[in-house]
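Structure provided below as C-alpha cells; questions to follow.
The values are calculated or read from the model by the stated rules, or taken from the named source; none is laboratory data. Keep in mind that this is a model prediction, so the values were computed, not measured. Here Cβ is always computed from backbone atoms with ideal geometry, including for glycine, and neighbour counts include all displayed protein chains.
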Amino acid sequence: MTMLMTYAGAGEPEELVTRTGGTPLAPAGTPWPTCAMCEGSMQFLAQIVLDDLGHPTSLVGPRTARTMAIFMCQNDPGMCDEWSPTLGGNRALLFPVADLHPMTPPHEHDEGTLRLGAVNAVTLVSIPGSDYGSARESWGSRSTNGLRDVLGQLGGQADWLQDDETPECPRCTQPMELIAQLEEGPEHSTSMNFGGGGTAFAFACEPCTEAAFLWQC
C-alpha cells in the first residue's frame, strides 16, 4: 500500500499532527535552527508524526513515539545548497512527542523566511500498490481531486526524480528509513521551494535518533 498525504484544507498552526506549515513543536528551550551556510534562521516546512506511518519499523523492543520537524534555509534561495542532506542548508530533527511546546521564532527575521504562507492539514489515504508515482496520479485524476492536492507520502519507497540518494545514518552507517516524501504544495504562493516542481525526502534512523532531508528536481 502507498499512504498518500492529501490536502485537507487549512490546518491549526500549533496542533500535534502531521501537517505542513505553522509553528514547529519541540522540547522547551530548543533553539530555532540556523543555516550552516549563511547562519540565518531557517524556514519551518513540515511536522511529521511518526506513528502516522502505520507500519512496524526495524526497531527491536519498545519504541518511543516521535515527531519530526523539517526546516530549510530560504534567506537567499538557491545559494545555501538547501537541497543537500549534509551541507547544512536544511535540518530534520526528531523529538519525543511528550511535552512539546511551540518554538519561539527569532525576532530579527522576516516572518516569510521563517514560515510558509499557509498551514495545510493532512488526510492520509491508502492506495493499493507500492508505486508512489502511480498512486499519486490515480488519486489526483479522480473528479473531485487535483494532482497538487497530493502533499506527498508517508513511508513507502522513495520515488526519486534523479539517482537514489538514500542517506546513511552518521552513527550506525546503516541506510535510513524513508519517513515522508513531500511535494511543494497546493498553492504556488504558499508552496515549499524544491527548485520549482521538485520533490523532497525526509529520512530517519530512529534507534540513533538521527534524521536527514534532501530534495531533487
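Would a scan of the stretch 90-112 turn up a residue that is assigned to a helix (DSSP H, G or I) and among the hydrophobic types (A, V, I, L, M, F, W, C)? Full working, then the answer.
Quick first cut of the stretch 90-112, residues assigned to a helix (DSSP H, G or I) only: 111-112.
Now restrict to residues that are among the hydrophobic types (A, V, I, L, M, F, W, C): none.
So far as the stretch 90-112 goes, no, none of its residues is assigned to a helix (DSSP H, G or I) and among the hydrophobic types (A, V, I, L, M, F, W, C).
Is it true that Thr113 is in contact with a strand residue (DSSP E or B) (Cβ under 7 Å, 6 or more places away or on another chain), of a type in the set (Val, Ile, Thr) and closer than 20 Å to Gly195 by Cα? If you could, list the steps in order and put the result at the bottom.
Values: in contact with a strand residue (DSSP E or B) (Cβ under 7 Å, 6 or more places away or on another chain): yes; of a type in the set (Val, Ile, Thr): yes; closer than 20 Å to Gly195 by Cα: yes.
So Thr113 passes the test.
For the stretch 14-34, does any single residue satisfy the condition of being under 21 Å from Thr199 (Cβ atoms) and in contact with a Ser or Thr (Cβ under 8 Å, 6 or more places away or on another chain)?
Yes: one or more hits.
Same structure, new question: Take the residues of the stretch 158-190 that are at pLDDT 95 or above and of a type in the set (S, T, N, Q): which is nearest to Ala10 (Cα to Cα)?
In this case the residue turns out to be Gln181.
Looking only at residues that are surrounded by 15 or more Cβ atoms within 10 Å (Cβ to Cβ) and hydroxyl-bearing (Ser, Thr, Tyr) in the stretch 106-137, which one is farthest from Leu25 (Cα to Cα)?
Tyr132
Could you list, in sequence order, all residues of the stretch 194-216 that are surrounded by fewer than 19 Cβ atoms within 10 Å (Cβ to Cβ), within 20 Å of Arg136 (Cβ to Cβ) and either out of contact with any Phe, Trp or Tyr (no Cβ under 6 Å at 6 or more places or on another chain) or modelled with pLDDT under 95 (or both)?
Gly195, Gly196, Gly197, Gln216
Suppose the filter is over 24 Å from Asp149 (Cα atoms), touching a His at 6+ places or on another chain (Cβ under 9 Å), surrounded by fewer than 22 Cβ atoms within 10 Å (Cβ to Cβ) and among the β-branched types (Val, Ile, Thr); does Thr34 pass it?
Values: over 24 Å from Asp149 (Cα atoms): yes; touching a His at 6+ places or on another chain (Cβ under 9 Å): no; surrounded by fewer than 22 Cβ atoms within 10 Å (Cβ to Cβ): yes; among the β-branched types (Val, Ile, Thr): yes.
Judged against the criteria, Thr34 is not a match.
Confirm whether Asp81 is in a loop (DSSP other than H, G, I, E, B) and modelled with pLDDT under 95. Spell out the reasoning first.
Working: in a loop (DSSP other than H, G, I, E, B): yes; modelled with pLDDT under 95: no.
It is false that Asp81 is in a loop (DSSP other than H, G, I, E, B) and modelled with pLDDT under 95.
Let me ask something additional. Within 16 Å of the chain's Cα centre (by Cα), modelled with pLDDT of 95 or more, surrounded by 13 or more Cβ atoms within 10 Å (Cβ to Cβ) and among the aliphatic types (A, V, I, L, M): which single residue out of Met72, Met103 fits that description? Walk me through it before giving the result.
Working: Met103 fails: within 16 Å of the chain's Cα centre (by Cα).
Exactly one residue qualifies, and that residue is Met72.
Let me ask something else about it. Select, from Val60, Val97, the only residue that is in contact with a Lys or Arg (Cβ under 8 Å, 6 or more places away or on another chain), under 17 Å from Pro207 (Cα atoms) and modelled with pLDDT under 95. Spell out the reasoning first.
Values: Val60 fails: in contact with a Lys or Arg (Cβ under 8 Å, 6 or more places away or on another chain).
Exactly one residue qualifies, and that residue is Val97.
All but one of (1) part of a loop (DSSP other than H, G, I, E, B); (2) within 19 Å of Gly11 (Cα to Cα); (3) under 19 Å from the mean Cα position of the chain (by Cα) hold for Asn145; which doesn't?
(3)
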